[in-house]
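Written below as structure tokens is the structure these notes are about.
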Amino acid sequence: MNDSTGPQSVSPTTLPLLGEPRPERADARRNRLKVLEAAERLFAEQGVKNVSLDAIAAEAGVGKGTVFRRFGDRAGLAVALLDEREVELQTKILSGPPPLGPGAPAIDRVNAFLTAYCELLDRHVELFVDSENASDGARYRIGSYRLWHRHIAMLVEEARPDLDADYTAHFILAPLAADLHQALRAEGFTLPRMQSALITATTALLTS
């Protein structure tokens, strides 16, 4: 990561994309988003395993067949919801306003990402736990982790070129493992407490 060319800017050409959206009709996209938003609400209220496709379809105001045809089952819908929210975060990183998007100092962008990702993780921790533990080492093979790692590594290189940027990025992302987040929440840690502790530690690392 550290070479004579210096830190690279965060752009669509230097970050791996999570995937281009599939072309779809406007009405199909509206229905898809209605279903995902309904699932998000019900998952948050009742827990992922307690929500049926029938309930999601009713909440979204669409037919059950529409949900089955588009997502297959509850697991497919959960994956689609997580993908949608991660792509939204990716878009903000690539082209949104600073400090999450380009144009802010590296440390501010790292902290903005940690804040935003913690919020996303907290909203969908059950889905993240399932995704990251689908098989041994699954967390580190999924495209979203590689994207977040590349983003943080470039910012580390900009803020502290004396550090091993690749390893430090893994170090910064380690506390964002979904099973750890879920365990800490069960112990009574609040989201603001976790965000504050992570940002304090990361700031100390990148400014010392």
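The values are calculated or read from the model by the stated rules, or taken from the named source; none is laboratory data. Computed from a prediction, not measured in an experiment: that's the story for all the values here. Glycine also receives a Cβ, built like all others from the backbone with ideal geometry; neighbour counts cover every protein chain displayed. With ligands, DNA and RNA removed, areas are computed over all heavy atoms of the protein, side chains included. Shrake-Rupley method; radii C 1.70, N 1.55, O 1.52, S 1.80 Å.
Please give the per residue accessible area of the chain, computed with a probe of 1.4 Å over protein heavy atoms only, in Å².
I get 52 Å² per residue for this part.
Once phi is turned into θ = phi - 60°, what whole-Hz ³J(HN,Hα) does the Karplus curve with 6.51, -1.76 and 1.60 give for every residue of region 196-208, x standing for Gly and Pro?
5, 5, 5, 5, 4, 5, 5, 4, 4, 5, 8, 10, 7
Sum up the charges of everything whose Cβ sits under 13 Å from the Cβ of residue 75, counting Lys and Arg as +1 and Asp and Glu as -1, but leave residue 75 out. Spell out each step's value before the answer.
Numbers: positive: 49, 74; negative: 73, 83, 126, 130.
For residues surrounding residue 75, the net value is -2.
Between residue 52 and residue 207, what is the label-point separation in nm under the 7 Å Cα-to-beta-carbon projection?
Distance between label points: 5.4 nm.
Quick check on region 124-200: take the gyration tensor over C-alpha atoms, sort the square-rooted eigenvalues as a ≥ b ≥ c, and tell me if it's rounded (a/c under 1.5), prolate or oblate.
Oblate.
First compute the accessible area of region 103-208 with a 1.4 Å probe, then give the percent of it belonging to carbon and sulfur atoms.
56 percent
GNM, the chain, Cα, under 10 Å: largest mean-square fluctuation among 138, 39, 159?
138
Tell me, what is the Rg over Rh of region 80-180, with Rh the Kirkwood radius over Cα pairs?
With Rg and the Kirkwood Rh in hand, the quotient comes to 0.96.
Relative to the first principal axis of the alpha-carbon coordinates of the chain, what is the inclination of helix 26-46, with its axis defined by its Cα atoms, in degrees from 0 to 90 and to the nearest 10?
With both axes taken from Cα atoms, the answer is about 80 degrees.
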